[in-house]
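The values are calculated or read from the model by the stated rules, or taken from the named source; none is laboratory data. The structure presented is a predicted model; accordingly, all values stated were derived computationally and were not measured. Note: ideal-geometry Cβ built from the backbone for every residue, glycine included; neighbour counts use all protein chains shown. In case anyone asks, the SASA skips ligands and DNA or RNA and just uses the protein heavy atoms, side chains included. Shrake-Rupley method; radii C 1.70, N 1.55, O 1.52, S 1.80 Å.
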Amino acid sequence: MHEMSLCEGVIQVIEEQASQQGFERVLGVTLEIGALAGVELDALRFCFEVVCRDTLAEGAALHIRERAGRAHCFDCDRPVEVAQRFDACRACGGYRLQVTAGEELKIQELEVE
Amino acid sequence: MCTVCGCGEGSLSIDGASHHHHHEHEHEHEHEHGHGHEASLHYGKGPAHAHAPGLSQSRMVRIEQDILAKNGAYAEANRRRFDELGLFALNLVSSPGSGKTSLLTASIRGLRSRMAVAVIEGDQQTQNDAARIRDTGARAVQVNTGKGCHLDAHMVGHALEHLLPLQDATLMIENVGNLVCPAGFDLGEAHKVAVLSVTEGEDKPLKYPDMFHAADLMLLNKVDLLPYLDFDVAQCIDYARRINPDLEVIQLSATTGQGMEAWLDWVEAGWQRAVARRQESVAALKQRIAELEARLEAAGLSPDAA
C-alpha cells in the first residue's frame, strides 16, 4: 500500500528530527515493519531511494527489521503465528484470530552525522 | 503526495481550489549560519556537502516513531472535533465501481427525514461526485487528491471546515475508490464501512484483507443482480469473517431499496450515540460552569463582576 507516501512520511520525520536534534545528514535509516502492516518491502526499498533524492537522506542505507505476525486464537485460546490476515490458526484451523503483533510501521533509529 | 495532506506536488484540491499551504518550512531560517546556501540545510543538502571537513562523526539516533504518527495526530484532532459537533463520521471505502456514490445518494434520501447528512467526497479528479450528492440537497465538499491514492486525516480536517456550521449530523466520507491504501489511514471516523458489490469476486475480502480487517461493517451492494450472477454470498461473508470475525454485514441494493432499511437504521443508531455524547459533554460543561459560579459566589464574587 502507498509505499511512496510512507517513504515521504519517513522523510518528514527525519526532517523534523534534523531540526530538533541538529544533524545534517542521514547515512542510515532503520525501520520496523510488521508482516501484517500491508507494506511491500521491495516497493518500499525502491520508493525510499527515489524519495530520498535531494533530501538530507540522499543515498542513505535502508535497514528493515521485519516482525512476524502473531495472533491470539479464540477457538483454541493460544497464541499463534500468522503470515497473512486470512491465515487460519495453525493449531486448530479456526479463523477467529485477534492480531496481536505484526502491524508495526515504525522508524526505529537513524544513523546521522 | 505527502502522507500528511497529499498536496505534495500542489495537486490536491478542495472544491477545485488548489490547496498547498502547509509546506511552511519556517525552521529553514532558524539555522542560518551566515552562508546563504546553508539555509536549506534540512531540505536537500547533497552528499557533496556532507563530507566537508569539520562535520561531526556519524552517530545513532533512536526515535521509535510511528511512520504514520502525523496522520494519527490529525485523525485524533478530527475525532475530537466530530465529538464536539455531535457528528457520526463514516469512512466509506471500496473499489471503484462498487456503487458507493449511488448508495450514498440513496442513503441521503432515506436519512434526511431522520437527520442532517453532509458528505466529503474523495476522488483523484473531477467534481462530479460532489455534484451528484448536492443534487440530493445535502451539503458536500469535493476533495481531489491529484496523484494521491487515498484521503488522509489532514485533508478531511480541512474539508470539514468547508461544511461548517454543522452539528448533530452524519458525516459520510467517501474515500478514493481503492481497496488498498485507505485501509492504512485513520481519518478520525467512527467506523470504516467497506462497500463490496456482488458484481465483484466473492473472494475480494481475501484479495484485499487489510481493508476488510479495518472495516467494522461490510455493505454487500447490488444484491438485486444476484439472480444473473455466479456469486456465492455465504462464501463471500465467510471469507470476510476469516479476515475480521467481528465484521457486521448488511446485504442491500441501492437501486431497488432492498435491505436499505437495515443500513439506515444502523446509521441512525450510531448518529444517536454521537448526538447523545455531545449533549452529555455539553451538560457536563454546564454543570462545571455552575459549580465554578457557585464557588465564586461563595467567595463573595458574583460571576458578572468577575
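Filtering region B:149-173 to residues that are in contact with a strand residue (DSSP E or B) (Cβ under 9 Å, 6 or more places away or on another chain) and closer than 16 Å to residue A:9 by Cα leaves B:150, B:151, B:155. Scanning region B:261-286 for residues that are over 16 Å from residue B:170 (Cα atoms) and open to solvent by less than 40 Å² (accessible area, probe 1.4 Å) yields a count of 0. Please go through region B:179-219 and pick out each residue that is of a type in the set (Lys, Arg) and closer than 12 Å to residue B:94 by Cβ. Scanning region B:179-219 gives B:192, B:204.
Scanning region A:20-30 for residues that are touching a helix residue (DSSP H, G or I) at 6+ places or on another chain (Cβ under 8 Å) and either more than 7 Å from chain B (Cβ to nearest Cβ) or closer than 13 Å to residue B:63 by Cβ (or both) yields A:23, A:26, A:29.
Of all residue pairs spaced 6 or more apart or on separate chains, those with beta-carbon atoms under 7 Å, a first member in region B:66-86 that is closer than 25 Å to residue A:103 by Cα and a second member that is open to solvent by 40 Å² or more (accessible area, probe 1.4 Å) and outside any helix (DSSP H, G or I) are B:66/A:106; B:67/A:106; B:71/B:186; B:72/B:66; B:72/B:186; B:75/B:186. When A:33, A:107 are checked against the criterion of being facing chain B (nearest Cβ under 8 Å), within 26 Å of residue B:210 (Cα to Cα) and of a type in the set (Val, Ile, Thr), A:107 stands alone in meeting it. Outside any helix (DSSP H, G or I), surrounded by fewer than 24 Cβ atoms within 10 Å (Cβ to Cβ), touching a Lys or Arg at 6+ places or on another chain (Cβ under 8 Å) and not hydroxyl-bearing (Ser, Thr, Tyr): does that describe residue B:65? Spelling it out, residue B:65 is indeed outside any helix (DSSP H, G or I), surrounded by fewer than 24 Cβ atoms within 10 Å (Cβ to Cβ), touching a Lys or Arg at 6+ places or on another chain (Cβ under 8 Å) and not hydroxyl-bearing (Ser, Thr, Tyr).
Could you tell me whether residue A:14 is part of a helix (DSSP H, G or I), at pLDDT 90 or above and open to solvent by less than 50 Å² (accessible area, probe 1.4 Å)? In short, yes. For region B:74-94, the condition holds for no residue, the condition being that it is on the phi > 0 side of the Ramachandran plot and open to solvent by 10 Å² or more (accessible area, probe 1.4 Å). Restricting attention to region B:205-228 and to residues that are over 22 Å from the mean Cα position of the chain (by Cα) and modelled with pLDDT of 95 or more, the residue that is nearest to residue B:72 (Cα to Cα) turns out to be B:222.
Within region A:85-98, can one find any residue that is away from chain B (no Cβ under 11 Å) and either closer than 16 Å to residue A:33 by Cα or among the acidic types (Asp, Glu) (or both)? There is no residue in region A:85-98 that is away from chain B (no Cβ under 11 Å) and either closer than 16 Å to residue A:33 by Cα or among the acidic types (Asp, Glu) (or both). For residue A:10, are the conditions met, namely being at negative phi, at the interface with chain B (Cβ under 8 Å from one of its Cβ atoms) and either aliphatic (A, V, I, L, M) or over 17 Å from the mean Cα position of the chain (by Cα) (or both)? The answer is yes for residue A:10. When you check residue B:178 against the structure, is it touching a strand residue (DSSP E or B) at 6+ places or on another chain (Cβ under 9 Å) and under 19 Å from residue A:3 (Cα atoms), yes or no? Spelling it out, residue B:178 is indeed touching a strand residue (DSSP E or B) at 6+ places or on another chain (Cβ under 9 Å) and under 19 Å from residue A:3 (Cα atoms).
Scanning region B:105-139 for residues that are within 22 Å of residue B:256 (Cα to Cα), under 19 Å from the mean Cα position of the chain (by Cα) and of a type in the set (Val, Ile, Thr) gives B:105, B:108, B:117, B:133. Look at (1) small (Gly, Ala, Ser); (2) over 17 Å from the mean Cα position of the chain (by Cα); (3) at pLDDT below 90 and you find that residue A:59 fails only one, number (3).
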